[in-house]
Amino acid sequence: AQKITQTQPGMFVQEKEAVTLDCTYDTSDQSYGLFWYKQPSSGEMIFLIYQGSYDEQNATEGRYSLNFQKARKSANLVISASQLGDSAMYFCAMRVTGTASKLTFGTGTRLQVTL
Amino acid sequence: DTGVSQNPRHKITKRGQNVTFRCDPISEHNRLYWYRQTLGQGPEFLTYFQNEAQLEKSRLLSDRFSAERPKGSFSTLEIQRTEQGDSAMYLCASSPDLGRGAFFGQGTRLTVV
């Protein structure tokens, strides 16, 4: 079974600062993918970034980067230059290859960006 | 709009009534998923379709729940004899066969009173 752990229920960050949202995962599979989604108050899950277990480079997408430490089974999301519009829930998720590509989610971190 | 579309966005129903939700995935996506999200939790997998075939169902999907994707395009999720514990956000997602991620709709928020 797969498990995602997000230990930060809530985080605050000042506008223009960087913030790291923690995610650890547990799986015995060798081939898997890690995802981060943003969920604003409207409810839609917005895909942010993906990291494959065999990818050698850390993934980056604009202001988002994923700090992938395979030995520690962690996949932290780094948001640089935070903006007010970044205030939302953030979910880390994992997909194990061959399991219908379904996602297992963590409990999320609520990020609040302040002036 | 070419994203995943879900209807209705909100549904309030009395306990014991039946409800049906609809999901229209991104047109070229073969895979369709239903998830349920309760307050303070991440989404939990309910069921998965590859085209019109329902290939996997979670144990969360009790006998009162049924999902269909009759022509491999849109999907419906029906809950019979609703209970207060069914109150949640129901999210639909779709993805192409070789895609990296799933694209989600805005969800249907169900409140059972």
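Readers should treat all values here as calculations from the given coordinates under stated rules, not as data from a laboratory. Keep in mind it's a predicted model, so treat the numbers as computed, not measured. Neighbour counts are summed over all protein chains in view; Cβ atoms, including those assigned to glycine, are modelled from backbone coordinates with ideal geometry.
Ranking of A:Arg95, B:Arg64, A:Arg72 by neighbouring Cβ atoms within 10 Å, starting from the fewest: A:Arg72, B:Arg64, A:Arg95.
The mean of 1/r over all pairs of different alpha-carbon atoms in chain B, once inverted, gives a Kirkwood hydrodynamic radius of 14.0 Å. Eigenvalues of the alpha-carbon gyration tensor of the protein assembly as shown, scaled by 5 and square-rooted, set the equivalent ellipsoid semi-axes at 30, 21, 16 angstrom, largest first. Per residue, the convex hull spanned by the Cα atoms of segment A:51-115 measures out at 109 cubic angstrom. For segment A:12-62, chymotrypsin sites (Phe, Trp or Tyr not before Pro) are listed when DSSP marks them as loop and at most 16 other Cβ atoms sit within 10 Å of their Cβ; the list is A:Tyr54.
Here the mean projected area of the convex hull built on the C-alpha positions of segment B:55-103 is 4.5 nm².
The reciprocal of the average 1/r between distinct C-alpha atoms defines the Kirkwood hydrodynamic radius, which for segment A:1-69 equals 13.8 Å.
Restricting the chymotrypsin sites (Phe, Trp or Tyr not before Pro) of segment B:1-88 to loop positions (DSSP other than H, G, I, E, B) with no more than 10 neighbouring Cβ atoms within 10 Å leaves nothing.
Only Lys, Arg, Asp and Glu carry charge here, each on its Cβ (+1 for the first two, -1 for the last two); on that basis chain A has a dipole of about 200 debye about its Cα centre. Relative to its residue count, segment B:1-46 spans a Cα convex hull of 116 Å³ per residue. Here is the link list: B:Lys14/B:Lys57; A:Lys16/B:Lys11; A:Lys3/A:Lys38. Which ones come out longer than 28 Å on Cα distance? Checking Cα-Cα distances, A:Lys16/B:Lys11 exceed 28 Å. Normalised by 2.2 N^0.38 Å, where N counts its residues, the alpha-carbon radius of gyration of chain A equals 1.02.
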